[in-house]
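Taking it in order: structure first as structure tokens, then the write-up.
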Amino acid sequence: MNATGLTIAVPRGALMGGTLDLLDGLGVDTAEVRANDRKLLFEEAGIVTVRPSDVPTYVEHGAADIGVTGKDVLLESPEREVYELLDLGYGRCDMVVARRSGDDAIGESLRRLGRARIATKYTRIAAAHFAATGRQVELVAVKGAVELAPLTGMVDGIVDLTATGRTLAENGLEVVESIVTCTARLIANPVAHKLKAAEIDAVVARLREEAR
Amino acid sequence: MIHQIPAGTRDVLPDEMRELRAIEERLRSTFADAGYGEVWTPTVEYEQVLAAGGGEAGAAAFRMFDDQGKVLALRSDMTVPIARVAATRFAGADGPLRLCYSAHAHRVVGQRTGQQREFLQSGIELIGVPGTEGEAEVLGIAVDALAAAGLARHRVGVGDGGLYRRLLAALEVPAQRHRELLDCLTRRDLVALELAVDELGLAADARDLLVELPQRRGGPEVLDRGAGPAGEALDRLRDLYGDLERRGIAERVILDLGLVRDLGYYTGAVFELYDPAVGFALGGGGRYDELIGRFGAPRPACGIALDVQRVHIAQTAEEQQS
């Protein structure tokens with residue numbers, strides 16, 4: 001077990017570096033995790049590395065006491081019973097509506113066909129956004145490279161996560177609406193939150209101190 | 001052809017059934033030894049009876065019509081039917097009433113979460129014993145029942161279901177904001193709670209209390225820090241902790257000022273049961289002094305329910321760890 005006394009779910013991918021830096025600051029030895037890209041379970045360091053979208057699942061089931069994942073993942077899986085403890089600030093991205101530059105395909109479809117077609121990996125966030133703004137849409141769930149969908153004419157626009165907007169621009173897309181800003185969040189298992197209260201509060205206090 | 005069963009339901013086959021029955025029997029005999037008499041109530045009730053429970057208790061997962069067009073529903077727990085029984089079948093009784101049950105109930109659950117829409121609950125209801133005396137009895141029996149089922153490290157979370165609502169009222173937070181703040185707490189989203197509290201523009205000490213108080217959990221020391229207008233609720237929890245100390249189960253107790261339960265009928269103390277081997281609560285309960293009055297003469301009451309399958313999961317996990 002590590003210095004925090006907690007098992008930690010670390011997201012692979014874009015949030016991994018920032019999360020490991022954070023854990024270094026808490027006195028967790030992350031050298032082995034950094035050195036070994038293929039290994040998933042680090043028992044000595046008390047770390048499991050999983051896809052960001054799987055972090056709430058591991059934490060909800062108690063396989064990890066705490067974990068780090070993006071707010072986008074939490075918004076997309078609201079049925080997961082986990083505590084959201086802290087906004088960690090890094091991994092800042094915007095969930096946006098984008099369309100092909102130059103024409104208003106979304107507006108045209110809404111006006112003439114009564115609904116727009118929107119491709120996204122984030123069907124819940126997209127559905128909630130269009131419902132809240134009173135527009136009928138048909139959501140097309142895609143798994144990867146959402147930017148392609150409007151270029152082929154399959155959809156009128158997309159809902160996707162963007163950090164700089166560069167990928168969107170390179171594919172001839174422009175952001176027309178911003179839905180929500182997402183950052184990395186610290187989450188905890190509800191039972192661990194009670195049974196390991198002192199350990200979890202110590203982590204939260206240290207991270208709050210550093211954020212100042 | 002594959003004949004499927006509805007999502008969130010299960011077939012139980014002999015090996016598992018034997019173990020489930022053994023656990024159920026140990027829970028039942030603990031309840032019986034403590035003087036609780038077992039009851040059955042109908043599997044289906046009129047929807048309007050269950051709706052009296054309010055909140056999640058009133059939101060039936062399954063509804064149907066009978067031959068006269070009346071709407072029937074499957075109960076989402078046993079507390080509401082037993083409140084009806086207490087108010088109607090025991091209308092004249094004035095001494096304490098101790099009832100227990102082991103029965104299936106049905107709840108709405110999210111898709112893909114692996115939770116059960118149909119689950120077996122064993123529990124107790126103590127009617128006519130007000131205040132901490134009743135709560136301590138119920139908690140003491142729940143701790144004994146889990147020990148009888150083979151657990152050793154189980155703990156009970158104890159809080160006050162009305163604490164945060166009263167705190168909001170006492171700090172003069174506008175009533176139209178209460179729901180949003182309570183939702184944050186129910187969803188366990190402490191980041192959103194802090195943002196929403198910041199938006200209220202309160203004085204620093206009131207703001208800190210609303211953010212910090214629901215995060216206090218642990219031993220009796222959580223009651224020692226100032227609580228402003230919540231002081232009265234903390235005094236009651238202190239009394240309850242004293243009663244639990246006298247029963248010798250204080251070391252099992254986690255006082256939790258952020259504990260909220262989704263069910264709409266709780267009026268005071270609320271409970272949750274945990275085991276370190278599993279990541280979910282094994283059951284819960286609380287005090288519901290206003291529920292029986294919705295069916296007849298009001299009587300104070302409290303109770304607790306255990307999810308038998310979850311207790312079974314915890315018991316097998318404990319077996320593997322020992």
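Below are the figures for this structure:
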read-out	value
Within the stretch B:182-228, tally of residues that are part of a loop (DSSP other than H, G, I, E, B) and more than 14 Å from chain A (Cβ to nearest Cβ)	7
Leading residue by the ranking (farthest from A:ILE158 (Cα to Cα)) among those in the stretch A:103-127 that are in contact (Cβ under 8 Å) with a residue 12 or more places away in the chain and small (Gly, Ala, Ser)	A:GLY114
Test set (1) hydrophobic (A, V, I, L, M, F, W, C); (2) in contact with a Cys (Cβ under 7 Å, 6 or more places away or on another chain); (3) more than 30 Å from A:ARG117 (Cα to Cα) - A:ILE200 fails condition number	(2)
Candidate set from the stretch B:150-170 (those that are assigned to a loop (DSSP other than H, G, I, E, B) and among the aliphatic types (A, V, I, L, M)); member that is surrounded by the most Cβ atoms within 10 Å (Cβ to Cβ)	B:LEU151
Residue list for the stretch A:172-197, filter: over 20 Å from B:ARG187 (Cβ atoms) and more than 7 Å from chain B (Cβ to nearest Cβ)	A:GLY172, A:LEU173, A:GLU174, A:VAL175, A:VAL176, A:GLU177, A:SER178, A:LYS196
Helices (runs of 4 or more DSSP H) wholly inside the stretch B:13-63 containing at least 3 residues that are of a type outside the set (Gly, Ala, Ser) and either within 21 Å of the chain's Cα centre (by Cα) or surrounded by 13 or more Cβ atoms within 10 Å (Cβ to Cβ) (or both)	B:14-33, B:47-51
Residue in the stretch A:90-112 that is among the acidic types (Asp, Glu) and under 14 Å from the mean Cα position of the chain (by Cα) present	yes
Condition broken by B:GLY131, with the remaining ones in (1) touching a strand residue (DSSP E or B) at 6+ places or on another chain (Cβ under 6 Å); (2) of a type in the set (Gly, Ala, Ser); (3) farther than 21 Å from B:GLU318 by Cα satisfied	(1)
Qualifying residue in the stretch A:183-197 (condition: within 19 Å of the chain's Cα centre (by Cα) and surrounded by fewer than 22 Cβ atoms within 10 Å (Cβ to Cβ))	yes
Residue list for the stretch A:149-170, filter: without any contact (Cβ under 8 Å) to a residue 24 or more places away in the chain and closer than 19 Å to A:LEU139 by Cα	A:THR152, A:GLY153
Qualifying residues in the stretch A:145-179 (those that are among the small types (Gly, Ala, Ser) and within 18 Å of the chain's Cα centre (by Cα)) - the one farthest from A:GLY89 (Cα to Cα)	A:ALA145
Single unsatisfied condition, A:GLY67 versus (1) within 27 Å of A:ALA126 (Cβ to Cβ); (2) outside the structural domain of A:LYS196 (by TED's automatic domain parsing)	(2)
Hits in the stretch A:1-48 - residues which are within 21 Å of A:SER77 (Cβ to Cβ) and in a loop (DSSP other than H, G, I, E, B)	A:THR7, A:ARG12, A:GLY13, A:ALA14, A:LEU15, A:LEU40
Residue match in the stretch A:14-34 (condition: in contact (Cβ under 8 Å) with a residue 40 or more places away in the chain and within 13 Å of chain B (Cβ to nearest Cβ))	no
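The values are calculated or read from the model by the stated rules, or taken from the named source; none is laboratory data. Computed from a predicted model, the values in this text were never measured in an experiment. Positions of Cβ are generated from backbone atoms using ideal geometry, with glycine treated the same way; all protein chains shown enter the neighbour counts.
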